[in-house]
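Participant: To start, I am sharing the structure in question, which I have written as structure tokens.
The values are calculated or read from the model by the stated rules, or taken from the named source; none is laboratory data. Note that the structure is predicted; figures quoted are calculated from it, not measured. Note that we place each Cβ from the backbone using ideal geometry, even for glycine, and neighbour counts take in every protein chain shown. What goes into the accessible areas is simple: the full protein's heavy atoms, side chains included, and nothing from ligands, DNA or RNA. Shrake-Rupley method; radii C 1.70, N 1.55, O 1.52, S 1.80 Å.
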Amino acid sequence: MKKKIFKGISTMALLTAVMIGSSRCMPEKTSKVCYNADGVQTEFLNRGVVAFTRADSSIYIGWRLLEDDPADIAFNVYRKLIGAVPDNDYVKVNSDPITSSTNYVDKGSDYFYLEGNTPKVHEAHMYKVTKIVNGKEEDVPGGETYVFFSLGDKNYRSILLEDVHKGIAKIGIGDLDGDGAYDFVVLRSALVGVDPGTCAECWSRSRDTYQLEAYSSEGKFLWRYDMGWAIETGVWLAPFMVYDLDGDGKAEVYTKAGEGDPRSPDGRVLTGPEYLVKIDGLTGKIVKKRDWIPRNIERARSYDWTSRNFLGLAYLDGKKPSLIMQRGNYGLIKIEALDKNLNTEWSFESSGENEKYWGNGGHNIRVADIDEDGKDELVPGPFAIDHDGKGLWCLGLNHNDGSEVTDIDPERPGLEIFYNIETGIPRNGVCLVDAATGEYIMEYDKQTWHIHGHATIGDWDPAHPGMECWAGPDRDVDPTHPFLFSSKGERLSDSFFIPGTPLYWDDDDYKELVGGGKVFKFGGATLSEGIPGGYIADLFGDWREEIIATYPGEIRIYSSTLPASNKKVTLMQDHQYRMHVASFSVGYVTPPQMGLQKNSLRKYTNK
């Protein structure tokens, strides 16, 4: 096998595409186009410093470790109170350089002060983190932050949206301005209160048009793009992708578009041009467009089937990103890979010699280097497509409701995929397969009709090696018996209903669960309360993950304030994890998975 090149997203600054020496972007340069030491186009990340109050009146400060940091890197933390009389300068709060973690709990902060006899809070309370390399201390991009004050352990940053009367259908995450911090593109809908991760509204007669709204990492409103009446209301009808495809150091927005108001009397859009458009991430203006994949309603056999649209992102040549455009999943499936100029690199269609792939689409396009050749492959359902657009294997199980690909069994070579199948089939309605070959590792040998819920995986139970794999019950037969398997395919339970979504929240290698308004250990202690579920991603701070929850007119990003005694690279510099986060704005949303041998973080620690 060829050497795997996705070692995480280490970065360097350069004005040409020639990679020599260091692999760090230098943000003081005008160009923030980044490549790692293997010549892979990546994104610039700053230190992502955050600070939150804790229930004991101390303050937690966290920041990123980057993949190309030297093993002996150290950090200092400084504090400044704005509002004190007089304002003070930054004062170092740690006695010795911080070498074993990327967080610090400041127990000496006096953020309360007296005005007469009335206690008040220094609301403009700031921290700064510096790095120490080879004995030299220097400031870092993204090294300063204000403290976010909250009650107890409900710690979150808030993005206030422009209109509280519009719902939030999807959220896209990317760096629109090139400062190394993640910004947000929000799909706003007239359907207030619809769960963004479900098909509660797969299609609905449009009450209003969708709008894309962009907000900076600090919550500043940037722009609004009205998608128009040609884009119908529904989870599959308004796909968009946020990423730096063209390599200028700033993310663009790609989405489906149309013209005018082509709706029929019953609200369906059967005619009119369809486009893929590129939107400037800073201005919201369309800068390029091309035709979308044609409807082909007769061949797709259903209006619903041909209206299922996807966008994806993959490094098909192992060096630079390609945009993936897909139409259909239940019947005819058509996929095109596009370069940065939106020109077609290759096309795939589930007909002719590829007829066996007909109807085998899922609700997501999973992206992973499944054959370890340093190039991404696509897993759009119970089948796989190689980096060059040729089919690799097909299980022939028809439509799956959920799938997850990662290193489920670290004792077994390569990646694995866990599936739950929505379509009724005589066997393998839940199964575990080898990602490279499609060979079954675990087969369920009984008839199933509709395995409900998304495939959920994570290493949350220390009693079993590797990851646990969960799928909901057969909804049409026995809604009381879900499926829980070990990484080896052993059936662990038929009565365990997963109580939450897996994520990293404390400092061990096992995932915690968020559900029922709290974050807790599997079968154990509650770690944080008053925290809802939502999107999961490592957006800032250290390597623990954030919870992105949606409220009317607001996005809240909850973060752990539990101190960690270890030092791990930000998860967003794992290539497969980053590609998964990019897919949040399309299809069903599930927690992101890491690449080969990194799921447990044991081999992802900077030592």
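Participant: Based on the Cα gyration tensor of the range 223-269, what are the three equivalent ellipsoid semi-axes, each the root of five times an eigenvalue, rounded to whole Å and given largest first? Working shown, then result.
Facilitator: On the way: eigenvalues 149, 21, 12 Å².
In descending order the semi-axes read 27, 10, 8 Å.
Participant: How large is Rg over Rh for the range 513-589, taking Rg from the Cα atoms and Rh as the Kirkwood inverse mean of 1/r across Cα pairs? Mind showing how you got there, number by number?
Facilitator: Details: Rg = 13.4 Å, Rh = 13.8 Å.
Taking Rh as the inverse mean 1/r over Cα pairs, Rg/Rh reads 0.97.
Participant: Turning to a different aspect of this structure: In percent, what relative contact order does the chain have, based on Cα pairs under 8 Å that are 6 or more apart in sequence?
Facilitator: Numbers: 1688 pairs, mean separation 78.0, N = 607.
Worked out over the chain, it gives 13 percent.
Participant: Moving on to the next point. Can you give me the P(r) profile for the range 442-591? Cα pairs, bins 10 angstrom wide beginning at 0, each as a whole percent.
Facilitator: Once binned at 10 Å, the Cα pair distances of the range 442-591 give 10, 36, 36, 15, 2.
Participant: Roughly how many nanometres apart are two label points built 7 Å out from the Cα toward the Cβ at S158 and R491?
Facilitator: 4.9
Participant: Across the chain, what fraction of all alpha-carbon pairs, as a whole percent, falls in each successive 20 Å bin from zero upward?
Facilitator: In order of increasing distance, the bins hold 20, 55, 23, 2, 0 percent.
Participant: Treat every Asp and Glu Cβ in the chain as -1 and every Lys and Arg Cβ as +1, leave all other atoms uncharged, and give the resulting dipole magnitude about the Cα centre to the nearest 20 debye.
Facilitator: Working: 67 positive and 91 negative charges, 134 e Å.
Dipole about the Cα centre, nearest 20: 640 debye.
Participant: Tell me which trypsin sites (Lys or Arg not before Pro) from the range 252-325 have a DSSP coil assignment and no more than 16 other beta carbons within 10 Å of their own.
Facilitator: Values: sites: K256, R263, R268, K278, K285, K288, K289, R290, R295, R299, R301, R308, K319; in loops: R268, K285, R295, R301, R308, K319.
Sparse-neighbourhood loop trypsin sites (Lys or Arg not before Pro): R268, K285, R301, K319.
Participant: Give the ranking of S95, S206 by solvent-accessible surface, highest area first, calculated with a 1.4 Å probe. Don't jump to the answer; show the numbers that get you there.
Facilitator: Values: S95 105, S206 15 Å².
Sorted descending by solvent-accessible area, the residues read S95, S206.
Participant: Using 7 Å Cα-to-Cβ label points, what is the H481/E218 separation (nm, one decimal)?
Facilitator: Calculated label separation equals 5.8 nm.
Participant: Over the Cα atoms of the range 332-409, what Rg and Dmax result, in angstrom?
Facilitator: Reported Rg and Dmax, both Å: 12.5, 39.
Participant: For the range 484-540, evaluate the Debye formula with one uniform point scatterer on each Cα (no solvent term) and list log10 I(q)/I(0) at q = 0.13, 0.16 Å⁻¹, rounded to two decimals.
Facilitator: Once normalised to I(0) and log-transformed, intensities are -0.38, -0.56.
Participant: If you take the Cα atoms of the range 223-339, find Rg, then find the Kirkwood Rh from the mean of 1/r over all pairs, what is Rg/Rh? Let's see the in-between values first.
Facilitator: Numbers: Rg = 14.6 Å, Rh = 15.0 Å.
Here the Rg-to-Rh quotient is 0.98.
Participant: Once ligands and nucleic acids are excluded and a 1.4 Å probe is used, how much of W229 is accessible, expressed in Å² to the nearest 10?
Facilitator: Answer for W229: close to 80 Å² accessible.
Participant: Taking all protein chains as present, what is the carbon and sulfur share of the accessible area of the range 297-411, in % to the nearest whole number, probe 1.4 Å? Intermediate results must be reported in sequence, preceding the final value.
Facilitator: Details: 1460 of 3410 Å².
That share works out to 43 percent.
Participant: Something else: How much accessible area per residue does the chain have, in Å², with a 1.4 Å probe? Walk me through the intermediate numbers first.
Facilitator: Numbers: 22700 Å² over 607 residues.
Value returned for the chain: 37 Å² of accessible area per residue.
Participant: Let me ask something else. Treat each spin label as a single point 7 Å out from the Cα along the C-beta direction, and report the D72 to E353 distance in nm.
Facilitator: Distance between the two pseudo-spin positions: 5.7 nm.
Participant: Dividing the Cα convex hull volume of the range 43-106 by residue count, how many Å³ per residue is that?
Facilitator: Details: hull volume 7.9 nm³, N = 64.
Cα-based convex hull of the range 43-106, divided per residue, equals 123 Å³.
Participant: To the nearest 10 Å², what's E439's accessible area with a 1.4 Å probe?
Facilitator: It works out to around 120 Å².
Participant: Moving on to the next point. FRET efficiency for Y510 and L270, Cβ-Cβ distance as r, R0 = 51 Å, nearest 0.05?
Facilitator: After rounding to 0.05, the efficiency reads 0.50.
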